[in-house]
Amino acid sequence: MKKFTMVNVNNLELGEIVAKDIFVNTRYPIVAKNTPISSEHLQVFKAFNIKEIPVLVESIEKTASNKSNKEDVKSENEIVATVENEKVTTNDSFEKEYLEKVEIFKAEFKNWEAGKDIDIIKIREIISPLIKLVLEDRSFLFDLNHYSNPIEYIYHHCISTGLIAATLANKMGFDRGNTLQIGIAGVLADCGMAKVPIMIRNKKAPLTAEDINEIRKHPIYSYNMVKELSQLKNEMKIAILQHHERLDGSGYPIGLKMERISHLGQIIAVADTFHAMTCDRLYRPKESLFKVIEMIKDSEFGKFDIRVVNTLTNLVAELPIGTKVELSNSEKAEIIFINQLHPTHLLVKLLNNGEIIDLSKETSLTISRVLPKNSD
């Protein structure tokens, strides 16, 4: 057994290793054993009023040894500045690429409205480079709703559903080829909306029963548009047809239940629902991504494949410490701790005064949105 010693929080050094799981009236540890201590962990310990931490003795000795070689290492501030600059550049590059691809897709969608066939090669060219960027940095997913707007929602929604579906598939272990296929299927899931009259699609007033019935036909329209595409696998075509089916039978267009619904269809369903609920629409405002995750897990429990929902939850739980967010009271903060199993239970630090807030206790406050990396 490795030796450890109790160390006062004020005397901890960055890089020392936590020797045991740290619990604070929680079912799951707020910090797991064998975790290297970071500056964020120090804030978490102080926020929970923890006085001492069990630390591996060998890590204390290693940290002490490393301190003697500081002249060969960049200062922490230099490293942070370099990383932040790289993130801003990368984010700018992604936003530019994404918006350019949305404009190209918009032209394709208008072609479908005019009765033209789908150019699957063009769709692949649109989505493939974006998937590559998102798989390199999954946090881009949480900027997608920031780019969307109610007037051009459908174009953003198609692209974003493809990106989210591909990311879910990748995290669930799909190979590169099938990840791209599910991404393309996600983009084309709502292509049938091009066959729904625009006056219904863009209606601000409450939809009539006839309007709803027409919109619920769009998965069938989508399937009819993709069924002859030889470059798209048949199982992806079925997923497109079924992406609004729900496991409890409450979905459409057929009302299928449980195992009769394609697993791929459920991946697109979760991606479609997540993006739709986190975007402003003509008839309702957006919800925060954290609230949507909870709604999909709880309010919609039994409608979605739990494996896909858990994968989406994990994507949110993996948001980097230091991610900037806006709270429901319009204050800006940064994330300093996320409960891996309950991503809405997190600690944030206000940017204006450094105050640390536990959002699992301050129930009047929620995260309204994740801020783009290049925001102030």
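Worth pointing out:
- Tallying residues that are farther than 29 Å from ILE200 by Cα and either out of contact with any helix residue (DSSP H, G or I) (no Cβ under 8 Å at 6 or more places or on another chain) or of a type in the set (S, T, N, Q) (or both) within the range 126-171 yields 6.
- You will find that of ASN178, ASN213, the residue that is part of a helix (DSSP H, G or I) and open to solvent by less than 50 Å² (accessible area, probe 1.4 Å) is ASN178 and no other.
Residue by residue, here is whether (1) of a type in the set (A, V, I, L, M, F, W, C); (2) under 19 Å from LEU168 (Cβ atoms) holds:
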| residue | (1), (2) |
| --- | --- |
| LEU247 | yes, yes |
| SER250 | no, no |
| PRO253 | no, no |
| LEU264 | yes, yes |
| ASP305 | no, yes |
| GLU326 | no, no |
| SER330 | no, no |
| ALA333 | yes, no |
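- Sub-6 Å Cβ pairs linking a first residue in the range 153-168 that is open to solvent by 10 Å² or more (accessible area, probe 1.4 Å) to a second residue that is part of a helix (DSSP H, G or I) and among the basic types (Lys, Arg), at least 6 apart or interchain, are TYR155/LYS106, ordered by first then second residue.
- Considering the range 216-252, and only residues there that are part of a loop (DSSP other than H, G, I, E, B) and touching a Leu at 6+ places or on another chain (Cβ under 8 Å), the residue that is surrounded by the fewest Cβ atoms within 10 Å (Cβ to Cβ) turns out to be GLY249.
- Against the list (1) in a helix (DSSP H, G or I); (2) out of contact with any Ser or Thr (no Cβ under 9 Å at 6 or more places or on another chain); (3) touching a residue at least 60 places away in the same chain (Cβ under 8 Å), the condition PRO150 fails is (1).
- Residue match in the range 306-318 (condition: in a loop (DSSP other than H, G, I, E, B) and surrounded by 17 or more Cβ atoms within 10 Å (Cβ to Cβ)): no
- Remark: pairs (first residue in the range 108-122, assigned to a loop (DSSP other than H, G, I, E, B); second residue among the aromatic types (Phe, Trp, Tyr) and surrounded by 12 or more Cβ atoms within 10 Å (Cβ to Cβ); Cβ separation under 7 Å; 6+ apart in sequence or on different chains) = ILE118/TRP112.
- Filter result for the condition that a residue is outside any loop (DSSP other than H, G, I, E, B) and open to solvent by 50 Å² or more (accessible area, probe 1.4 Å), over GLU287, GLU326, GLU259, GLU294: GLU259
- Cross-chain or 6+ apart pairs with Cβ under 8 Å, the range 239-268 first and without any contact (Cβ under 8 Å) to a residue 60 or more places away in the chain and among the hydroxyl-bearing types (Ser, Thr, Tyr), then in a loop (DSSP other than H, G, I, E, B) and surrounded by fewer than 15 Cβ atoms within 10 Å (Cβ to Cβ): TYR252/ARG216
- Checked against the criterion of being modelled with pLDDT under 80 and more than 27 Å from the chain's Cα centre (by Cα), the range 89-110 contains not a single residue that satisfies it.
- Checking ASN353 against (1) of a type outside the set (Gly, Ala, Ser); (2) part of a loop (DSSP other than H, G, I, E, B); (3) open to solvent by 50 Å² or more (accessible area, probe 1.4 Å); (4) farther than 30 Å from PHE45 by Cβ, the condition it does not meet: (4)
- Residue pairs whose Cβ atoms lie under 6 Å apart, sitting 6 or more positions apart in sequence or on different chains, and linking a residue in the range 354-370 that is at negative phi and of a type in the set (Asp, Glu) to a partner that is in a strand (DSSP E or B) and surrounded by 16 or more Cβ atoms within 10 Å (Cβ to Cβ), are ASP358/LEU347.
- Residue, farthest from LEU312 (Cα to Cα), within the range 132-143, restricted to residues that are of a type outside the set (D, E, K, R) and modelled with pLDDT of 90 or more: LEU133
- Selection count, the range 181-209, where residues are open to solvent by 60 Å² or more (accessible area, probe 1.4 Å), modelled with pLDDT under 95 and assigned to a helix (DSSP H, G or I): 3
The values are calculated or read from the model by the stated rules, or taken from the named source; none is laboratory data. Just so it is clear, the structure is predicted and the values come from calculations on it, not from any experiment. Positions of Cβ are backbone-derived with ideal geometry, glycine not excepted, and every protein chain shown enters the neighbour counts. Surface accessibility is based on the protein's heavy atoms, side chains included, excluding ligands, DNA and RNA. Shrake-Rupley method; radii C 1.70, N 1.55, O 1.52, S 1.80 Å.
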